[in-house]
Amino acid sequence: MRIALHAVGEAGRRAGRILLAERDLTALGLYRQEGGAEERRTIRVDSLEGFDVLVSDTPDPAPLAREAAAAGISAVFPAPFRVDRRLLSRFLDAGSTLLVGAGLSTGIAETLASHEMARTDAESEIAIAWTIPGRPLRRGVAVPFPDPVGARWASRVGRAPRRRRNGVTITRWAAPVRGTWAGALARVTGVRSGDRVERVVGVADQAAHLDAIALAAGAVVTATSAFPPGLHRPPAAELAYLGAAMRIGLGVAAYEHPV
């Protein structure tokens, strides 16, 4: 597994350190980066030739995505962005993957919900929540993030919920917080083994660490071909993505009760 890393912030740098702990990693290329190598598998590179995946925490992924497509390798980014047909065709023609949304909300929070939804037998109601930097709210919907984040008020993200054809209703909530901590949570209400239950799963840790885990997990599962060629987000392979995230340090708290 040879991964090229273009880190622009703390999440990218931490993701690099996490990836260095991977047993199957043979090289971590610091792509167009300043600074020295941390250990013998780390090298500074100006070319993507010979790498399997390009991973970056850049807020503007499009230019790097085009470079990865030109090199015929996969790419992983935390930020979703508009992918035009030409760019998508280049990834498909190369048999490579473009994974977007490998972050706290569209990565960890959404895959927690997707995993729990798959375990529920009948019509479900799903609430997906995550923290964002900002002034805490004084009203809204209470979200019970694990400690040290704790319960927070959140506001709805996007449109009002609609029941889908598969009987699932999904709402999304963002909770502004101050400080270094962050969290993500999925609350699923549905029928399991004949009983109607509510199950809550959540994570909480330092924000930069959670972002790094989300990005590194995306890099690992993409490098190991968990996703087919083309454009994807982490919930498309929730078992592989969550498994990788938990193996590299994501701690998940959960509880369940009848309703």
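Just to be sure before I move on: is residue 26 in the same structural domain as residue 236 (by TED's automatic domain parsing), in contact with a Lys or Arg (Cβ under 8 Å, 6 or more places away or on another chain) and closer than 21 Å to residue 247 by Cβ in the structure I sent? Yes. Inside segment 131-152, residues that are in a loop (DSSP other than H, G, I, E, B) and within 22 Å of the chain's Cα centre (by Cα) make up a count of 7.
Going residue by residue through segment 222-240, is there one that turns out to be of a type in the set (Val, Ile, Thr), buried (at least 19 other Cβ atoms within 10 Å of the Cβ), within 13 Å of the chain's Cα centre (by Cα) and modelled with pLDDT of 95 or more?
Within segment 222-240 (the criterion being of a type in the set (Val, Ile, Thr), buried (at least 19 other Cβ atoms within 10 Å of the Cβ), within 13 Å of the chain's Cα centre (by Cα) and modelled with pLDDT of 95 or more), the answer is yes, since at least one residue qualifies.
When the residues of segment 61-80 are filtered to those that are assigned to a loop (DSSP other than H, G, I, E, B) and modelled with pLDDT of 95 or more, the one that is surrounded by the fewest Cβ atoms within 10 Å (Cβ to Cβ) is 72. Residue-level check: of (1) modelled with pLDDT under 95; (2) under 15 Å from residue 232 (Cα atoms), residue 90 misses just (1). Quick check on segment 87-99. Is at least one of its residues within 30 Å of residue 251 (Cβ to Cβ), touching a residue at least 60 places away in the same chain (Cβ under 8 Å) and loosely packed, with under 14 Cβ neighbours inside 10 Å? No, every residue in segment 87-99 fails to be within 30 Å of residue 251 (Cβ to Cβ), touching a residue at least 60 places away in the same chain (Cβ under 8 Å) and loosely packed, with under 14 Cβ neighbours inside 10 Å. The single condition among (1) at pLDDT below 95; (2) surrounded by fewer than 17 Cβ atoms within 10 Å (Cβ to Cβ) that residue 1 does not meet is (2). With respect to the conditions (1) crowded, with 24+ Cβ neighbours inside 10 Å; (2) closer than 16 Å to residue 57 by Cβ, residue 113 falls short on a single one, namely (2). Scan segment 72-86 for residues that are in contact (Cβ under 8 Å) with a residue 24 or more places away in the chain and over 14 Å from residue 2 (Cα atoms) and the total you get is 5. I need the full set of residues from segment 174-199 which are among the charged types (D, E, K, R) and under 23 Å from the mean Cα position of the chain (by Cα), in order please. Correct list: 178, 187, 199. Among the numbered conditions (1) under 17 Å from residue 115 (Cα atoms); (2) surrounded by 12 or more Cβ atoms within 10 Å (Cβ to Cβ); (3) modelled with pLDDT under 90, the only one that residue 196 does not meet is (1). Return yes when residue 124 is surrounded by 16 or more Cβ atoms within 10 Å (Cβ to Cβ), under 25 Å from residue 258 (Cβ atoms) and among the small types (Gly, Ala, Ser) and no when it is not. Yes: the conditions hold for residue 124.
The values are calculated or read from the model by the stated rules, or taken from the named source; none is laboratory data. Not measured: the values here are computed from a predicted model. All Cβ positions, even for glycine, are placed from backbone atoms using ideal geometry, and neighbour counts span all protein chains on display.
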